[in-house]
């Protein structure tokens, strides 16, 4: 324990370097802005920032992306409460009680509740993240290739089963992602796969091109097709935050703790991120809360539950990412991508080889939460003011950032063409309601899963039963089957 | 077959045909086999198989007028918050795809600075924004900012353009005070 506190202390010191602090502030501000803007999703924002971390130190880039991730779960609440515009899907439950409280003339108090919930939920999840990551990583050191493969399989199946969209569509999306991940030279045989004679494809398709294309260009094309039709917003001169009193906070401590813990657990489960945490937490409060009958009428519990769970899910999601190298959601997949861009493979070894970096990231989450609330409290008006920006202008800038991101990978226009292609694919996915997250996770995790699958087959003489007969691998394989059956059971039960 | 059913089935038929073509293509990957080891085509063929099975399942389900599809948990939870259907403008979409394609074509000829400036202004007009002053001013400011940050600070190797357009990039790089 003492060692852990010492490491975290060193992490705080490392985090206080000018570059890390600058990245923290920039990440928080950009994350809040992304949360506020309905056209920009949290995952898309993190994906757009990824190419710009190329030339940065790995710690600084992860600090930037994590800060964007955590503050993105908070910024959208402003517009949901003030204008009934959820900046992110996470913020939809905020419309039911947050906006209703605002309509009663208590918008400032509603914003105060979101601030308290985001800060408290975030801090609890950060503490649990610090306590849980190392033991989990130590446990994962026992893994060999069958365990790692079944773990990856579980991560991929959870994304399919717990995500948005029809199960079959999610499986198709995942398969396409895995296939894209196979393009290039096979690492064992040196054979060219799906390169179609192109020398550039022989090096494989950079997952960054897929991410930026599918999330960035695809999303802009989808919005362009609707003519950038945004709802007109009301005047914002009176937007401010009023913190609840200690007595008021004390009255909601049970829903707050319940939602925070729920958020952490949901964050840890691969595939279930902030959106699910927010909805599930609101649902639990509506069914089991002390004032369940009043939910939806503008009460504090209806604001605290989704917000605390959404922000708490961030710390939870970072646990499997850092300890096992398994991203559960779109945003953590991109953060995994950032690690890999810098030649760092998160997983059990990362706490041994790069402990200083991991604890700096931990410390940045604590500092980031404080900073997020300070900026959210004092700068709410300028943050919300960004809604005055016409979507056509913002989208044009987003596209230019996508182009630069693609060009900066290998200084090749071919990557730009590929990105445009994946942008059109992303649009088609959006149009036909295929989820994009499994595609992106397939591209990133597919090659890792293939490697561990082939290693298992080589080590165990092509014996497939190894995935079921070893205790940990068997448990993970069973969990994979169960998680895939979960939506079917839900459907069957109506 | 009614029109809506046809539209619902088309993506899966396309997916199935694509899977068949890719499966055959994967079978033609050239390599020297090693005894006791799986070949390089096994993994992609597994993914293709999964894709084909999912497509086939959906085609059969839709044609048989099957019950409602099985959805992910997040979908069930968040359906309440989904926005109502917005009007669509296919011509804007086609215009957007043409614009990004033209950007990629012209980038090597005109260079980053000129292409980006023209693209920004064109996209804003395409997005039905009509404040001419703001369009041209913000296009110019963002182009200059991107040029400074990526060409002069971060040294990203962005295309300079061919003669005579490369002179614009050269002139930009030599601007004093930037």
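Where a number appears in this text, it was derived from the coordinates with a stated rule and is not lab data. Bear in mind that the values here come from a model prediction, so they are computed numbers and not experimental data. Here Cβ is always computed from backbone atoms with ideal geometry, including for glycine, and neighbour counts include all displayed protein chains.
Relative to the longest principal Cα axis of chain A, at what angle does helix A:253-268 sit, 0 to 90 degrees, rounded to 10?
The two axes meet at around 20 degrees.
Tell me, Kirkwood radius of region A:338-488 from alpha-carbon pair distances, in Å? Before the final figure, lay out the partial values.
Values: mean 1/r = 0.0481 Å⁻¹.
Evaluated on region A:338-488, it is 20.8 Å.
Starting from the Cα gyration tensor of chain B, take the square roots of the eigenvalues, sort them a ≥ b ≥ c, and report rounded, prolate or oblate (rounded when a/c is under 1.5, otherwise prolate if a/b is larger than b/c, else oblate).
Values: a/c = 2.88, a/b = 1.57, b/c = 1.84.
Note, shape of chain B comes out oblate.
Give or take rounding to whole Å, what are the principal axis extents of the alpha carbon atoms in region A:41-125, in descending order?
49, 25, 16
Using only helices, what value at 222 nm comes out for the protein assembly as shown when you add -39,500 (n - 2.57) per DSSP H run of length 4 or more and divide by the total residues, to the nearest 500 deg cm²/dmol? Before the final figure, lay out each step's value.
Numbers: 29 runs with 462 residues, N = 672.
Computed mean residue ellipticity for the protein assembly as shown: -23000 deg cm²/dmol.
Based on the alpha carbon coordinates of region A:333-403, what radius of gyration and maximum Cα-Cα distance (Dmax) apply, in Å?
When restricted to the Cα atoms of region A:333-403, Rg and Dmax are 17.8, 48 Å.
What length, rounded to one decimal in nm, is gained on full extension from residue A:103 through to residue A:374, with 0.36 nm per residue of separation minus their alpha-carbon distance? Could the numbers behind the result be given before it?
Details: separation 271, 0.36 × 271 = 97.56 nm, distance 2.49 nm.
Fully extending the segment from residue A:103 to residue A:374 adds 95.1 nm.
Let me make sure I get this right: for region A:1-75, a, b and c are the square roots of the gyration tensor eigenvalues over alpha carbons, sorted descending. Under 1.5 in a/c it's rounded, otherwise prolate if a/b > b/c, else oblate. Which is it?
Details: a/c = 2.59, a/b = 1.80, b/c = 1.44.
Because a/c hits 1.5 or more and a/b exceeds b/c, region A:1-75 counts as prolate.
What is the distance, in nm, between label points placed 7 Å from the Cα along the Cα-to-Cβ direction at residue A:54 and at residue A:290?
Inter-label distance under the simple model: 5.5 nm.
Based on the alpha-carbon gyration tensor of region B:90-174, what equivalent-ellipsoid semi-axes (square roots of 5 times the eigenvalues) come out, in whole Å, largest first? Mind dumping the intermediate values first?
On the way: eigenvalues 111, 48, 22 Å².
Computed over region B:90-174, the values are 24, 16, 10 Å.
So what's the angle, to the nearest 10 degrees on a 0 to 90 scale, between helix A:471-492 and the longest Cα principal axis of chain A?
Around 50 degrees separate the two axes.
Specify the inter-centroid distance of region A:58-74 and region A:334-405, based on alpha-carbon positions, in whole Å.
The distance from the Cα centre of region A:58-74 to that of region A:334-405 comes to 3 Å.
Extending each Cα 7 Å along its Cβ direction at residue A:482 and residue A:200, get the distance between those two points in nm, one decimal.
The answer from the label model is 4.7 nm.
Given R₀ = 56 Å, FRET efficiency for residue B:3-residue A:385 by Cβ-Cβ distance, to 0.05? Working shown, then result.
Numbers: r = 45 Å, r/R0 = 0.81.
So the FRET efficiency works out to roughly 0.80.
Please state the shape class of region A:93-179: rounded when a/c is under 1.5, otherwise prolate if a/b exceeds b/c and oblate if not, all from the C-alpha gyration tensor.
Details: a/c = 5.62, a/b = 1.57, b/c = 3.57.
Oblate.
Let's test this: bin the Cα-Cα distances of the protein assembly as shown at 10 Å from zero up to the farthest pair and state each bin's percent.
Spelled out per bin, shortest first, that is 3, 15, 26, 28, 19, 8, 1, 0.
Please compute the contact order of chain A in relative form: average sequence separation of alpha-carbon pairs under 8 Å and at least six residues apart, divided by the residue count, as a percent.
Working: 921 pairs, mean separation 145.1, N = 494.
Rounded, it is 29 percent for chain A.
Given labels modelled 7 Å from the Cα in the Cβ direction, how far is it in nm from residue B:134 to residue A:127?
Those two pseudo-labels are separated by 4.7 nm.
Measure nothing fancy, just the Cα-based angle from helix A:145-162's long axis to the longest principal axis of chain A, in degrees from 0 to 90, nearest 10.
The answer is roughly 40 degrees.
How high is the FRET efficiency between residue A:17 and residue A:461 when r is their beta carbon distance and R₀ equals 56 Å, given to the nearest 0.05?
On the way: r = 51 Å, r/R0 = 0.91.
My answer for the efficiency is 0.65.
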